[in-house]
Amino acid sequence: MQAHTLILSTLVAILVSLFLVGCEENVSPVVPTERVFTMWGFLDPTVTGQKARVFRIEPVLEPTRPEPLGATMAVTDVASGQMTVWRDSLILFPDGFYGHVYQASQEIGFDREYLVELETPEGLASSVLVRTPPETSPELSEIQNVRFNVKFRVRWNRAPQLLDLKVRYHVGFRSRGSSGAFTSGVVTLQTGAVETASDGTPVTLIEPTADLGTILQMLNLQAGRDEMTLDSITVAPFVASDEWRSPTGSFDAEVLVQPGTLSNVENGFGFFGAGFEDAFVVHLPDDAVENAGFTIR
Amino acid sequence: MDKRLICFALVVLLSSARFYFDTVAQVAIVRGTVTDATSGETLPGVNVVLLSDDGDLVKGAVTDESGVYALSRISRGVFTLRATFVGFDAWEQRVMIAMDERTIINIALEPVQSELGEVVVEGDRRDGIVKVTAGQTTVLPTDIDLVPSPDVSGDLVNYLTAMPGIVSVGDRGGQLFVRGGEPWQNLVLLDGMWVYQPFHVLGFFSAFPSDIISSVDVYAGGFPSQFGGRLSSVMDVRSRNGNKRSYEGSAAIAPFITGFTLEGPLDTNGKVSFLTSYRESVIERGASHLVSDDLPYSFGDFYGKIHALPSGNSQLSISLLTTHDEGAVFEGTAVEPAEQVEWKNTAAGIRYTVLPNVLPAMAQFSINVSRLESDQSVGTANSRSTEIESVNSNADITYFNGDTTVRWGIFARSLRAESRLGGLFQNVELREEFLTEVGAYVEPEWEVRGGWDVRVGLRAHSFPSKSVSFLEPRLRLVRTGLVNEISLAAGIYHQEIVGLLDRRDAAGVFTAWAAVPDGFSVPSSSHLIVGWQRTFSESFELGIELYGKELRNLFIPEWTAFPRFTTNLQEADGEVLGGDFRLNYQKGRFGVFVTYGLSRTRYNAKQESLPVWFGTDELEFRPAHDRRHQINVVSRLDTRYANFSTRWQFGSGLPFNQAQGFDGFVLLDGNVDVTTEPGSRRVIFDKPFGGELPTYHRLDISAEKSMRVSGHGRLTLQAGVINIYDRSNLFFLDVFTQNRVDQIPIIPNFGLKLEFH
């Protein structure tokens, strides 16, 4: 047989085979997963009302339907065995879409372990084990009192870590030269820095001198024209459980959106942690208040 | 600068300098233009030889794309000048050559008189599916006519997609991927004019109907020094010149498209001709009634050319091309709106070719203007638009010296690019930019022992306003004249003007043209091609070509689990390895060609989040256009009743982003109230491009019958079926809704073409 005849015959055979192999037309864009739910939220020992945002993992991208999720959520104190069932609430958010938020009145203790379970009637479940942070004992660790450079630190003993630091300045203000009473006000700033001491204890650094300008601006006051006193400073960090940490050190939505990046839910996705807003009130001595640029009453 | 590059540059320059000194020696040269005696059309590919009185070959040459030949380093004497070409009677003339004479002899060939249906024996063809040399394939209108298409006149794009290594992701969108490269990396020229988006929104049509084409050189890689500014490929389309002797024309009508051509002389001396072509789609009124699907596409093109022979040794042409396209390529998802795209190309140019009497050279000067306007979703919140226009001027000189030829040239280009993307690429700011590019190239070519043709080149170009310059070495080696033809091509390429597009799936069409954004490096590529071909007999030819391509500093969209139409751009590198297999069999009235392309394309992405997401700094993946296997089988049978042709095409599945499901995301960065924070919907993607779509295959058939009418006309009837076994070939898969959009189902087509002269 001539070479080219053999080659052609072989080609025809291959092509027929390929034709038969290529008959499959179906394709699924979604590979089903066994994971059931995605949960977002945290247990808060300082409040009674607890809540958690829940998504069912769906095979299509559709807005949440305004109907019950059909799943039972239970939060159990592991040590005592006490279980509380949370109820499903359908929330209409400002963006016009519905969402499921499970809520309950449940007392959550400090430094206790809880099992959060979400289960369908068919027995499909997602769960997460959460340990709440212990109660903290904050203490003022140092005050730097230098003219126009006042700063102080607060040690948050027993806190696993701090997120989302707020500082509330309790001030009084009036026009300079006025003999009238001071008007009271509270200015809340996202300011300060979180450091870690050598023993691992979180420390917050607050700089009233640096914040003075912002406080004046927010109260529509002018240095020189108005006078402002500083009554107290409330340092209010969010104390979070130890596992509530971003793998990159910062909470960037573009990074954390990837499923599994910040996730602790078994047989599901999402993150469920524990935390609370703590508070420590600092009264600076008069000379520190004056050095920071405030007026003494 | 790289030492190897310096050495290479020295080799190129010394070779060119050697040629100069050789040229000074006292030898003669015979040059000229070969034309068709009946139409005045210049003829590329004509064999022109100089024979001694004994009949021995003294010199030989083949006319180039302008129909110009050159026989140099001739000693004085009396010779026979002979020209032969398939379909024409041989031409001969006795010539006396004096020492150091620069002679111009123009040749007009008379066509062979043949009856309809008579088989024309093919001689030594330079075209054909197997004739690929170091990545270069020459395509003629007769090749295009082999492939069934819903246009009775034929269109270049249908032949291109039958070539191995050229991937189309579907029958719409107008995007061709050449050997792993993306569409914006292809340079498409029509008579030297840049055409930025030449393929129509419906994949059976392009700006190049067969009726206007003289020849096309397709460089799938390894292109020579005269071409640059692109990473992947060059398609150099040359149009016909129009009949200088008599008027000719045609009118064609079919359910997809209608059109007409008209050509003829503009003077009585046979020196000036015009050629026009106009086509307009009628698919919405025609073909859409033949299928159950909507076909909301509208497109058309116009081409006009005036060609003149001002003197015996010069040619002048003025060309104009316009195209328009509109259609909904992408029907929209739950989160992305429908993608209604529209674009317009405009290109105009002047080209002057001259054979100087005093120099053994050919010079070509051209200046042209090209413009693309493209819009997507006009009038909506997701509106995007892009404009690019360029003025290109070139001077290309070819020196002839016996077995050595030196090509060199200079060019200058000014560009304006502007895009409004509505925040599509969040980390890139695009503004209106004006750029100037200047450059030069030199490429000596000579024959060495063993039958090797060596062509080394160097291209240098610079963007002064951006302070960037590039030096690009090129190499082509071809060994011909023996049973086995071996070829090799290599080169380095850069592309400063890039196309940015959101290719999270291969169906994306809208491309924003811009200079490389601030903060990103200029994309570059390296090519290596090795080829072999053999003509076993008059009936059977075989060719194999292996290639590798390295791509650097590409822009790709970042992955995100957010189901949104905006994204960031990230850098990636790519590697392409592949092989093309081509077979051509011709016996009597039956012919078949088979092409098989095997390709592996991999991108390496360096997105910042990768270490966190996948535990690795880089991620290797298959891009959306990586088609592993591609097969085309095209056959033709000519009978006295009609000509029948078939095309079966097969492609393995393309990669896509598969999902595990959909849920929601809330950024828990502290004391977040989940009763007021709505969060976002989220896609739980599997590994990037980890899924594979189904295979694609389709059989098209066509029958054509031509007959004379009234002595001066010819009527051609065509009937056929696209996708005759109604295969549901997937075009787009919506991961969000699981809806699929299929390509064109079974659709009959028919056409009528009336030609007159």
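In region A:118-134, how many are surrounded by fewer than 16 Cβ atoms within 10 Å (Cβ to Cβ) and without any contact (Cβ under 8 Å) to a residue 40 or more places away in the chain? Looking only at that region, the number is 2. Quick check: is even one residue across region A:224-235 assigned to a strand (DSSP E or B), more than 30 Å from B:Gln607 (Cβ to Cβ) and at the interface with chain B (Cβ under 9 Å from one of its Cβ atoms)? Looking for residues that are assigned to a strand (DSSP E or B), more than 30 Å from B:Gln607 (Cβ to Cβ) and at the interface with chain B (Cβ under 9 Å from one of its Cβ atoms), one finds none in region A:224-235, hence no.
A quick yes/no check of all residues on (1) touching a Lys or Arg at 6+ places or on another chain (Cβ under 7 Å); (2) more than 21 Å from B:Trp184 (Cα to Cα); (3) away from every other protein chain (no Cβ under 13 Å):
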position	(1), (2), (3)
B:Trp532	no, yes, yes
B:Thr535	no, yes, no
B:Ile544	no, yes, no
B:Asn553	no, no, yes
B:Ala561	yes, yes, no
B:Gln570	yes, no, no
B:Asp573	yes, no, yes
B:Gly579	no, yes, yes
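Being in contact (Cβ under 8 Å) with a residue 60 or more places away in the chain and open to solvent by 40 Å² or more (accessible area, probe 1.4 Å), is that true of even one residue in region B:404-420? Scanning region B:404-420, I find at least one residue that is in contact (Cβ under 8 Å) with a residue 60 or more places away in the chain and open to solvent by 40 Å² or more (accessible area, probe 1.4 Å), so the answer is yes. One residue stands out in region B:732-754 among those that are buried (at least 20 other Cβ atoms within 10 Å of the Cβ) and modelled with pLDDT of 85 or more: the one that is nearest to B:Glu692 (Cα to Cα), namely B:Gln743. When residues in region B:209-264 are screened for being of a type in the set (A, V, I, L, M) and without any contact (Cβ under 8 Å) to a residue 24 or more places away in the chain, 1 of them pass. Looking only at region A:273-294, count every residue that is open to solvent by less than 30 Å² (accessible area, probe 1.4 Å) and assigned to a strand (DSSP E or B) and tell me the total. So the count comes out to 5. Scanning region B:150-176 for residues that are part of a strand (DSSP E or B) and open to solvent by 10 Å² or more (accessible area, probe 1.4 Å) gives B:Val167, B:Ser168, B:Arg172. Counting only strands (runs of 3 or more DSSP E) wholly contained in region B:193-278, the ones carrying 3 or more residues that are under 14 Å from the mean Cα position of the chain (by Cα) occupy B:213-219, B:233-239. Filtered by the rule that a residue be within 9 Å of chain B (Cβ to nearest Cβ) and aliphatic (A, V, I, L, M), region A:80-91 gives a lone residue, A:Ile91. Within region A:252-272, can one find any residue that is assigned to a strand (DSSP E or B), of a type in the set (Gly, Ala, Ser) and either touching a residue at least 40 places away in the same chain (Cβ under 8 Å) or under 17 Å from B:Val672 (Cα atoms) (or both)? Yes: one or more hits. Of all residues in region B:177-191, those that are open to solvent by less than 10 Å² (accessible area, probe 1.4 Å) and more than 20 Å from B:Glu496 (Cα to Cα) total 2.
The rows are residues; the columns are (1) touching a Lys or Arg at 6+ places or on another chain (Cβ under 7 Å); (2) of a type outside the set (Gly, Ala, Ser).
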position: A:Trp40; (1), (2): yes, yes
position: A:Arg53; (1), (2): no, yes
position: A:Gly70; (1), (2): no, no
position: A:Ser80; (1), (2): no, no
position: A:Val85; (1), (2): no, yes
position: A:Asp111; (1), (2): no, yes
position: A:Glu119; (1), (2): no, yes
position: A:Glu122; (1), (2): no, yes
position: A:Ser127; (1), (2): no, no
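A count restricted to region B:599-610 and to residues that are hydrophobic (A, V, I, L, M, F, W, C) and either farther than 27 Å from B:Gly579 by Cα or open to solvent by 70 Å² or more (accessible area, probe 1.4 Å) (or both) stands at 1. Among the residues examined, B:Ser710 does not qualify as facing chain A (nearest Cβ under 8 Å), of a type in the set (Gly, Ala, Ser) and surrounded by fewer than 18 Cβ atoms within 10 Å (Cβ to Cβ). Applying the condition of being touching a Phe, Trp or Tyr at 6+ places or on another chain (Cβ under 9 Å) and within 13 Å of another protein chain (Cβ to nearest Cβ) to region B:611-626 and asking which residue is surrounded by the most Cβ atoms within 10 Å (Cβ to Cβ) yields B:Trp613.
Just one of the listed residues (A:Pro32, A:Pro66) is more than 9 Å from every other protein chain (Cβ to nearest Cβ), in contact (Cβ under 8 Å) with a residue 24 or more places away in the chain and surrounded by fewer than 19 Cβ atoms within 10 Å (Cβ to Cβ), namely A:Pro66. Determine, yes or no, whether B:Leu359 is in a strand (DSSP E or B) and more than 18 Å from B:Gln175 (Cβ to Cβ). For B:Leu359, the condition - in a strand (DSSP E or B) and more than 18 Å from B:Gln175 (Cβ to Cβ) - is not met. Total residues in region B:713-740 satisfying the condition of being more than 12 Å from chain A (Cβ to nearest Cβ) and either aliphatic (A, V, I, L, M) or not in a strand (DSSP E or B) (or both): the figure is 7. Does A:Leu163 satisfy the criteria of being in a strand (DSSP E or B), touching a residue at least 24 places away in the same chain (Cβ under 8 Å), within 14 Å of chain B (Cβ to nearest Cβ) and surrounded by 15 or more Cβ atoms within 10 Å (Cβ to Cβ)? Criteria met by A:Leu163.
Against the list (1) closer than 24 Å to A:Leu140 by Cα; (2) buried (at least 19 other Cβ atoms within 10 Å of the Cβ), the condition A:Asp199 fails is (2). Residues that are at the interface with another protein chain (Cβ under 7 Å from one of its Cβ atoms), open to solvent by 10 Å² or more (accessible area, probe 1.4 Å) and basic (Lys, Arg) within region B:642-697 comprise just one, B:Arg681.
Just one residue in the set B:Ser288, B:Ser292, B:Ser370 is assigned by TED's automatic domain parsing to the domain that holds B:Gln743 and either modelled with pLDDT of 95 or more or part of a strand (DSSP E or B) (or both); that residue is B:Ser370.
A quick yes/no check of all residues on (1) over 30 Å from A:Asp242 (Cα atoms); (2) at pLDDT below 95; (3) surrounded by 13 or more Cβ atoms within 10 Å (Cβ to Cβ); (4) at the interface with chain B (Cβ under 9 Å from one of its Cβ atoms):
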| residue | (1), (2), (3), (4) |
| --- | --- |
| A:Met1 | yes, yes, no, no |
| A:His4 | yes, yes, yes, yes |
| A:Leu18 | yes, yes, yes, yes |
| A:Trp40 | no, no, yes, yes |
| A:Asp44 | no, no, yes, yes |
| A:Arg56 | no, yes, yes, yes |
| A:Val75 | no, no, yes, no |
| A:Val78 | no, no, yes, no |
| A:Phe93 | yes, yes, yes, yes |
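Set side by side, the residues B:Asn604, B:Asn568 differ, and just one is assigned by TED's automatic domain parsing to the domain that holds B:Arg534 and either without any contact (Cβ under 8 Å) to a residue 60 or more places away in the chain or closer than 11 Å to B:Pro623 by Cβ (or both), which is B:Asn604. Looking at B:Ile388, is it farther than 25 Å from B:Asn241 by Cα, at pLDDT 90 or above and touching a Gly at 6+ places or on another chain (Cβ under 8 Å)? Against the criterion (farther than 25 Å from B:Asn241 by Cα, at pLDDT 90 or above and touching a Gly at 6+ places or on another chain (Cβ under 8 Å)), B:Ile388 does not qualify. The set of residues in region B:675-699 that are in contact with a strand residue (DSSP E or B) (Cβ under 6 Å, 6 or more places away or on another chain) and among the small types (Gly, Ala, Ser) comprises B:Gly679, B:Ser680, B:Gly691.
The values are calculated or read from the model by the stated rules, or taken from the named source; none is laboratory data. Bear in mind that the values here come from a model prediction, so they are computed numbers and not experimental data. Here the Cβ is made from the backbone with ideal geometry for all residues, glycine too, and neighbour counts use every protein chain on show. Areas reflect the complete protein model, heavy atoms only, side chains present, ligands, DNA and RNA absent. Shrake-Rupley method; radii C 1.70, N 1.55, O 1.52, S 1.80 Å.
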